[in-house]
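Values quoted throughout were computed directly from the atomic coordinates according to the rules given, and no laboratory measurement underlies them. Just so you know, these numbers come straight off a predicted model, no measurement behind them. Cβ placement follows ideal geometry from the backbone for every residue including glycine, while neighbour counts extend to all protein chains displayed.
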Amino acid sequence: MEVFKPQRWLGLASGITLLLLALALDGAILWGISRIGISLVSFVLALVLIVSLFLLILLGYWLYGLLWSGFHLDRNALVIRWGATTQVVPMKSVEAVLPGDQVKGIKHFRGPLWPGMRVGYGELEEIGPTLFFSTGSLRNQIILTTPAMAYALSPADAPGFLEGVR
């Protein structure tokens, strides 16, 4: 079984920057609450802080997924691991393997998206429903199509990954 890892540095750097900015904002909110005292404004700031903590947890989970991501390939299946998510794609169900630069574009996308990370569900023009597990732009991804779903992946060693799939 070969393991292909995505390039993570840009996604991790962007995500950690977002995490640090959110922590700095939370610190400023806490400082503001301590200066204002008990009031309607401090109550609203506390609510903002609670929502922000939820977002920090979510951001941490997404970073965990990116950190522990990989594409495990053998002759029977492609196993996509992204944090706690595991997606198994039997090799016999793969209909086509396309470089991302041959795809027109993304119709819509739902999921976390920042420089160096796009993970979630979307739809590619001319291909249809797609699960994205990628760290690069569409032109740097590899698209595997099956009868039910397409998968957009971005292994760092794209030529080696393509050779393994073939």
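For the ranges 150-162, 14-26, what's the packing order if you count other beta-carbon atoms within 10 Å of each residue, average per peptide, and put the highest first? Can you show the working numbers first?
On the way: 150-162: 19.2, 14-26: 14.2.
Put in order of decreasing packing, that is 150-162, 14-26.
Students often check this: by mean Cβ neighbours within 10 Å, which of 114-125, 41-52, 77-88 ranks highest, and how do the rest follow?
114-125, 77-88, 41-52
Work out Dmax and Rg for the range 66-158 from the C-alpha atoms and quote the Rg first, both in angstrom.
12.1, 33
For the chain, what does the helix formula give at 222 nm: sum of -39500 (n - 2.57) over DSSP H segments with n ≥ 4, over the residue count, nearest 500 deg cm²/dmol?
Only helices count here, giving -13500 deg cm²/dmol.
What is the magnitude of the charge dipole of the chain about its Cα centre, with +1 placed on the Cβ of each Lys and Arg, -1 on the Cβ of each Asp and Glu, and no other charges, expressed in debye to the nearest 20?
Computed charge dipole of the chain: roughly 200 debye.
What per residue convex hull volume, in Å³, comes out for the range 47-104 when only alpha-carbon positions are used?
About 134 Å³ per residue, rounded to a whole number.
Convert 10 °C to kelvin, take the viscosity as 1.306 mPa s, use the Kirkwood radius over C-alpha pairs of the range 13-84 as Rh, and evaluate the Stokes-Einstein diffusion coefficient in µm²/s, rounded to a whole number.
Roughly 109 µm²/s, to the nearest whole number.
Which lysines, if any, have their Cα less than 26 Å from the Cα of K5, not counting same-chain residues under 8 positions apart?
Straight-distance partners of K5: K92, K104.
Sort all Cα-Cα distances of the chain into consecutive 10 angstrom bins from zero, then give the percent of pairs in each bin up to the one containing the longest distance.
10, 34, 27, 14, 10, 5, 1
Once you treat every alpha carbon in the range 21-62 as an equal point and sum by Debye, what is log10 I(q)/I(0) at q = 0.17, 0.18, 0.21 Å⁻¹?
-0.44, -0.49, -0.62
On a 0 to 90 degree scale, rounded to 10, what angle separates helix 40-67 from the longest Cα axis of the chain?
It works out to around 20 degrees.
Just going by the charge dipole of the chain, with Lys and Arg at +1 and Asp and Glu at -1 on Cβ, which of I38, T85, V3 is farthest out on the positive end?
I38
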